[in-house]
Amino acid sequence: MSWKGRYLCRLLTRVPVRSLLSLVLAALLAFAFGALTVLRGIYGEAYRNVDVRGVFYGGLPYTAAQKLEKSGLVRDPGYEYINRDCEIEYHGGTLYFVSHIRYLAQAEVDWLEGWDEAAFDSSDEQVCVMSAGSALMMGFSLGDPVRVEETGYTSALARELDKWQTDEDWNETLVVRDQRRPRMQLVGLIQSDEYDNTLYIPVTAWKHFYWISNQLTLDLAEYSLTDYHRAEEFREYAKEVLSHVQNIVKLELDTSYADRIYNIHRLIETLYPLTIGAALLLGGILPGLTVLHVSREISILRALGVKTGACTGLYVMAQILCAFVGLALGFLLVLLIQRPDPGTIVRLFGLYIAAHLAACAAGSGIFAWLCARKHVLAQLQSKE
Amino acid sequence: MSALTLQNVSYTYPGGTTPVVKSASCNFETGKIYAVVGPSGSGKSTLLSMLAGLDMPGEGDVVLGDENLKNLDLDKYRREGVSIIFQAFCLLPLLTVRENVSLPMEMQGIPESDARQRAAEALVKVGIEESKHKRFPSALSGGEQQRVAIARSLCSGAPVLLADEPTGNLDGENTRIVMEILRRLAHEEGRCVIVVTHDPEVADTADLVLRMKDGVLTAE
Ligand SMILES: Nc1ncnc2c1ncn2[C@@H]1O[C@H](COP(=O)(O)OP(=O)(O)OP(=O)(O)O)[C@@H](O)[C@H]1O
Ligand SMILES: [Mg+2]
């Protein structure tokens, strides 16, 4: 081994406390960085995914709902309308109109070919989904058109009866009525009798319901805020829209959870660069001070004719090795304790390790260089 | 033959006002041993440091053979041209006694095993027994450390040997041994040996005694 190699080994092992301290410091800083990075990822994700829903109860007029839809403050509307005077003999008098299959709990749906839950919820076609039991009783099968009236939907049998009517005028009236009624193609059958009095119609098809009553009132209307920071604005807007409405409509809009997430997210975002800055500062200055501590050794090497660059190189290398092992340990610790998705954190960690090592090299390098440039004799006159 | 020459050398410490060395001139020849004596603080170590290429004189020149030190690679000069025994020993605390002695040889490219062998011999010569060769300097007495520093210089093979109070921590017996070694280096191996000392006995061993007083160097 060359004398430099041996000297480097001694630098690392002769005063183990010194090396260990450098190593532990680097590990702690790497761990702090890693932990904060993971936390930042979690809260960043939580903040981006935060979904504040505003829910209207008590009969929001459909016209008002449409205004709200177009306000730009909300997205993803969901509606429910309960038709309490349903005349269809097969049902118990109440028929629920619901806008999204996602409100369906657990039950399986048999879809017409080419359809599924996502396609249905975002469809702007006139389609519907009902329970398999209702469909069977009324003689509908997948793909059939279903005529929806204010009293519910008309069974296939009733439709046949309609046709069978001979009275011309009556027929005339029916045809007129018929044209005003939307026909919804049946694209899904729910395999559960829990939903016998529920009819699912995609939200965009609801505009065809004007005929049900002059003012269709939604028993439940809910929206996601596009930007929850504008919650107050939305509340104001809703108040304005509802000012002409007689029903007492209640808006439930709770931002406290989102606020909490946002505050933590903001705190982490502020702390993050500060922590990195502080970590790099420490990662540079402490190795530098360690080198400063042994400036007399450097002077001796210089007196023996070792070049400034070689001296500096030895001490920088020793610090870099300690820091590197420490950083790797810190990284491992983060992986073990926090179990983040390695894909995302590896790149950031790579950057941090590079920056930390650069800071360490700069710190120890500058101090070693300064020591090597010190007045050698002045250093060597003293015995300590 | 002239080994080192001081030509009107003056030196003032950075930030200092009065020069510590004032216009010193002297010619040091190969194969001779010189003693520099003088009161404490008179500038002896400072003078030595300029001869050693640790610092450049503010005025005047230090000439090695016929080459001005200003034009030389001082690192190389310190590695190969000169060897110094410091007043404060200056052993590397991270290296063992033997490694300290073999380091200058290894830096000159002498193979490790040879360097070790020669280091061990030099250490025995200055009275450090084999059992202490693997110790670290901190585990030696002051006198022992000083002898290790002397051994380091003996091995370096440099044509000029500078020693700052090499016997300051030694007893009479060891002083005689060390001075005998230095005398032999000069007279038998033809090196130029310059010793700074307070000890009249050491000064007596020298071929020429120089006196330093308030920065002024005079031959006796
Ligand atoms: N680094 C320094 N900066 C300023 N002045 C210094 C420095 N080192 C030494 N001096 C001063 O220079 C003068 C000469 O110092 P030097 O060490 O050369 O004396 P010396 O003759 O070797 O003394 P001693 O016999 O005690 O070793 C002293 O007055 C000392 O105070
Ligand atoms: Mg001195």
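Every read-out reported here was derived from the displayed coordinates using simple, explicitly stated rules and does not represent laboratory data. It should be emphasised that the depicted structure is a prediction, and the values quoted were computed from it without experimental measurement. Reconstructed Cβ throughout: ideal geometry from the backbone, glycine too, with neighbour counts over all protein chains shown.
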- Note on the structure: Simple spin-label estimate for B:Lys76/A:Gln338, 7 Å along Cα→Cβ, in nm, reads 5.3 nm
- Give me the distance between the Cα centres of region B:178-217 and region A:273-313, rounded to whole Å. 39 Å
- Residue with peak Gaussian network fluctuation, chain A [Cα springs, cutoff 10 Å], from A:Thr13, A:Thr94, A:Thr198: A:Thr13
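Counting partner chain Cβ atoms within 10 Å of every residue's Cβ in A:2-15, what's the average?
Partner Cβ neighbours, averaged per residue: 3.
Taking the protein assembly as shown, how much of its Cα-Cα pair set, in percent, is spaced more than 36 angstrom apart? Working shown, then result.
Working: 111355 of 182106 pairs.
So the portion of pairs separated by more than 36 Å is 61 percent.
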- Post the alpha-carbon centroid distance, region A:186-263 to region A:357-375, in whole angstrom. 66 Å
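Quick one: net charge around A:Leu142, please, counting Lys, Arg +1 and Asp, Glu -1 for every other residue with C-beta under 13 Å from its C-beta.
Values: positive: none; negative: A:Asp110, A:Glu113, A:Asp144.
So the surrounding residues net to -3.
When you look at the Cβ of every residue in B:92-99, what mean number of other chain Cβ atoms sits within 10 Å?
Numbers: counts 7, 7, 12, 6, 1, 0, 0, 4.
Averaged over the peptide's residues, the number is 5.
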- Per DSSP, loop trypsin sites (Lys or Arg not before Pro) in region B:132-220 with at most 14 further Cβ within 10 Å: B:Lys134
- Task: Once you've got the GNM for chain A with C-alpha springs shorter than 10 Å, pick whichever of A:His265, A:His356, A:His208 has the biggest mean-square fluctuation.
- Result: A:His208
- Given the options B:Met107, B:Met50, B:Met179, which has the most mean-square fluctuation in a GNM of chain B, springs set between C-alpha atoms less than 10 angstrom apart? B:Met107
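If R₀ is 56 angstrom, what is the calculated FRET efficiency for the pair A:Glu233 and A:Ala378, using the beta carbon separation as r and rounding to 0.05?
Taking R0 as 56 Å, the efficiency between A:Glu233 and A:Ala378 is 0.20.
Once fully extended, how much extra length lies between A:Ala119 and A:Glu240, figured as 0.36 nm per residue of separation less the alpha-carbon to alpha-carbon distance?
Working: separation 121, 0.36 × 121 = 43.56 nm, distance 3.38 nm.
So the extension gain works out to 40.2 nm.
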- Message: Just to be sure I understand the curve: with the Debye formula and one point per C-alpha of chain B, what is log10 I(q)/I(0) at q = 0.13 Å⁻¹?
- Response: -0.72
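Please compute, over every Cα-Cα pair in region A:205-332, the percentage with a separation greater than 17 angstrom. Don't skip to the end; give the middle numbers.
Working: 6262 of 8128 pairs.
Every Cα pair in region A:205-332 considered, those over 17 Å come to 77 percent.
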- Query: Dividing the alpha-carbon Rg of region A:324-384 by 2.2 N^0.38 Å yields what?
  - Reply: 1.78
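Between A:Thr270 and A:Ala355, what's the calculated FRET efficiency when r is the beta-carbon distance and R0 is 25 Å? Round to 0.05. Working shown, then result.
On the way: r = 19 Å, r/R0 = 0.77.
My answer for the efficiency is 0.80.
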- Would you please put A:366-378, A:282-294, B:64-76 in order of how densely packed they are, using the mean number of other Cβ atoms within 10 angstrom per residue and starting with the highest? A:282-294, A:366-378, B:64-76
- Excluding B:Gly143 itself, calculate the net charge of residues whose Cβ lies under 11 Å from the Cβ of B:Gly143, where each Lys or Arg counts +1 and each Asp or Glu counts -1. -2
- Report the FRET efficiency, 1/(1 + (r/R0)^6), for B:Ala139 and A:Thr13, where r is their Cβ-Cβ distance and R0 is 22 Å, rounded to 0.05. 0.85
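Quick check for me: using +1 on Lys/Arg Cβ and -1 on Asp/Glu Cβ, what's the dipole size of chain B about its Cα centre, in debye to the nearest 20? Don't jump to the answer; show the numbers that get you there.
Details: 22 positive and 30 negative charges, 62 e Å.
For this selection, approximately 300 debye.
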- Message: Just to confirm the number: angle between the C-alpha axis of helix A:16-49 and the first principal axis of chain A, 0 to 90 degrees, nearest 10?
- Response: 20 degrees
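Highest mean first, how do A:123-134, A:60-71 rank when packing is the count of other Cβ atoms within 10 Å averaged over residues? Provide the component values of the computation, followed by the final result.
On the way: A:123-134: 19.9, A:60-71: 18.4.
Top to bottom by mean Cβ count within 10 Å: A:123-134, A:60-71.
Please work out whether region A:1-73 counts as rounded, prolate or oblate from its C-alpha gyration tensor, where a ≥ b ≥ c are the square roots of the eigenvalues and a/c under 1.5 means rounded, while otherwise a/b larger than b/c means prolate and anything else oblate? Mind dumping the intermediate values first?
On the way: a/c = 12.08, a/b = 5.59, b/c = 2.16.
It is prolate, given that a/c is not under 1.5 and a/b is the larger ratio.
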- Query: Percent relative contact order of chain B, based on C-alpha pairs within less than 8 angstrom and at least six residues apart?
  - Reply: 31 percent
- Query: Normalised by the number of residues in chain A, what is the relative contact order in percent for Cα pairs under 8 Å and 6+ residues apart?
  - Reply: 30 percent
- Message: If you fit an axis through the alpha-carbon atoms of helix A:308-338 and take the longest principal axis of the Cα set of chain A, what angle between them do you get, 0 to 90°, nearest 10?
- Response: 30 degrees
- Query: Taking the alpha-carbon centroid of each part, what is the distance from region A:1-43 to region B:113-149 in angstrom?
  - Reply: 35 Å
- Message: Please compute, for peptide B:81-91, the average count of beta-carbon atoms on other protein chains lying within 10 Å of each residue's beta-carbon.
- Response: 4
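Would you check chain B for Lys pairs whose C-alpha atoms are within less than 17 Å, ignoring same-chain pairs closer than 8 in sequence, and give me the count? Working shown, then result.
Values: B:Lys22/B:Lys44; B:Lys22/B:Lys213; B:Lys44/B:Lys213; B:Lys125/B:Lys134.
Lysine pairs, 8 or more places apart or on different chains, close enough: 4.
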